[in-house]
Amino acid sequence: MAANNRRMSGKKGAQVGSGGQRRRGLEGKGPTPPAEMRKGHAKQRAAQAKVRRAQGRTPQRRGGGRSASELVVGRNPVVEALRGGVPASTLYVQQFIDNDERVREALQLAAERGGINLMEAPRPELDRMTNGLNHQGLVLQVPPYEYAHPEDLVAAAHDDGEDPLIVALDGVTDPRNLGAVVRSVSAFGGHGVVVPERRAAGMTAGAWKTSAGTAARTPVARATNLTRALEAYKKAGIVVVGLAADGEAEIGDVEALGGPVVIVVGSEGKGLSRLVGETCDVRVRIPMPGGAESLNAGVAAGIVLYEAARRRA
């Protein structure tokens, strides 16, 4: 009997309590973070491996080629990019970040959109990724833009049974101007925008944002040589109309705007380059009674596109 009592009693003397540890362990700790943000979770490791493979992969040249991936850095820029529908592949969040309203909104927008990896990273890693920029704990990776080929724009117009209406940009380096032109082309029924491969604005996050979502349905083509691309358009029966302050005709007098046409817009300061200007079938000017010397590319393209759409109606 004594032996049995010894087996049941366990230890002699007073028993040390848990001190409330067990009770506190049962209390809630808030919502469970996504699996991709849980350190050591299989989904987080898989997402990190996917990002490393994507960053190390050489972009394939297809159609008009692909741009390099881009990083949007900082809390306000990241939130604005997500609000504006800018394509994104990964949202990097700093470990132990202050969870303010912008961080919560960025996480919510990324989760609602779907298809965006959520990655938690230490601050030194984000510093390295952004080359020391003030990222404020949020970094958004924008995937490479898939450019069309200049010939694709003509083919799309013919597939719709329409005369091509295309805008080409010569020396326009501000992505916001490119985004504004894309928006105008979409608004007036155009078939796309052509930009040179070098020394020109590309479809960055800023261009996407300015386009107000229209870049998702209006293709942008990239030409290795803009002059040769315009010559190819001319051989296909498309009239090339260049905008110039000293153009020989006013836009209201150009009948060609009612048919297959490429409208070439130069930079605000320099206008059309010499070779591009010589390639144009006709150079037109926009009358400006107010006396302004020039218009930015987005405004100028919008005016001429309106005239073209009016003639086609």
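Regarding Ala215, is this residue at pLDDT below 95, closer than 23 Å to Val142 by Cβ and touching a helix residue (DSSP H, G or I) at 6+ places or on another chain (Cβ under 7 Å)? Yes: the conditions hold for Ala215. Might you check whether a residue that is in contact with a His (Cβ under 9 Å, 6 or more places away or on another chain) and in contact (Cβ under 8 Å) with a residue 24 or more places away in the chain occurs anywhere in region 176-197? Yes, region 176-197 contains at least one residue that is in contact with a His (Cβ under 9 Å, 6 or more places away or on another chain) and in contact (Cβ under 8 Å) with a residue 24 or more places away in the chain.
Being hydrophobic (A, V, I, L, M, F, W, C) and within 30 Å of Ala223 (Cα to Cα) is a description that applies to Ala148. Working carefully through the options Gly202, Gly189, find the one that is under 28 Å from Gly277 (Cβ atoms) and open to solvent by 30 Å² or more (accessible area, probe 1.4 Å). Residue meeting the stated conditions: Gly189. For Gly242, are the conditions met, namely being surrounded by 15 or more Cβ atoms within 10 Å (Cβ to Cβ) and free of Cβ contacts under 8 Å to residues at least 40 places away in the same chain? Answer is no for this residue. Ala201 meets all of the listed conditions (1) under 22 Å from Ser267 (Cβ atoms); (2) over 18 Å from the mean Cα position of the chain (by Cα) but one, namely (2). Just one of the listed residues (Thr173, Thr210) is at pLDDT below 95, β-branched (Val, Ile, Thr) and open to solvent by less than 60 Å² (accessible area, probe 1.4 Å), namely Thr210.
This table checks each residue for (1) modelled with pLDDT of 95 or more; (2) surrounded by fewer than 22 Cβ atoms within 10 Å (Cβ to Cβ); (3) touching a strand residue (DSSP E or B) at 6+ places or on another chain (Cβ under 8 Å); (4) among the small types (Gly, Ala, Ser).
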| site | (1), (2), (3), (4) |
| --- | --- |
| Tyr233 | yes, no, yes, no |
| Ala236 | no, yes, no, yes |
| Gly277 | no, yes, yes, yes |
| Ser294 | no, yes, yes, yes |
| Ala313 | no, yes, no, yes |
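Residues considered: Gly266, Gly252. Of these, the only one that is in contact with a Gly (Cβ under 6 Å, 6 or more places away or on another chain) and either under 15 Å from Pro196 (Cβ atoms) or assigned to a helix (DSSP H, G or I) (or both) is Gly266. Checking Ala111 against (1) open to solvent by less than 40 Å² (accessible area, probe 1.4 Å); (2) within 16 Å of Val79 (Cβ to Cβ); (3) part of a helix (DSSP H, G or I), which test does it fail? With respect to (1) open to solvent by less than 40 Å² (accessible area, probe 1.4 Å); (2) within 16 Å of Val79 (Cβ to Cβ); (3) part of a helix (DSSP H, G or I), Ala111 is out only on (1). Within region 139-163, being crowded, with 23+ Cβ neighbours inside 10 Å and either part of a loop (DSSP other than H, G, I, E, B) or within 17 Å of the chain's Cα centre (by Cα) (or both) holds for Val139, Leu140, Tyr147.
The values are calculated or read from the model by the stated rules, or taken from the named source; none is laboratory data. Values in this document were obtained by computation on a predicted structure and should not be read as measured data. In this analysis, Cβ positions are derived from the backbone assuming ideal geometry, glycine residues included, and neighbour counts consider all displayed protein chains. Note: accessible area is taken over every heavy atom of the protein model, side chains too, but ligands, DNA and RNA are not part of it. Shrake-Rupley method; radii C 1.70, N 1.55, O 1.52, S 1.80 Å.
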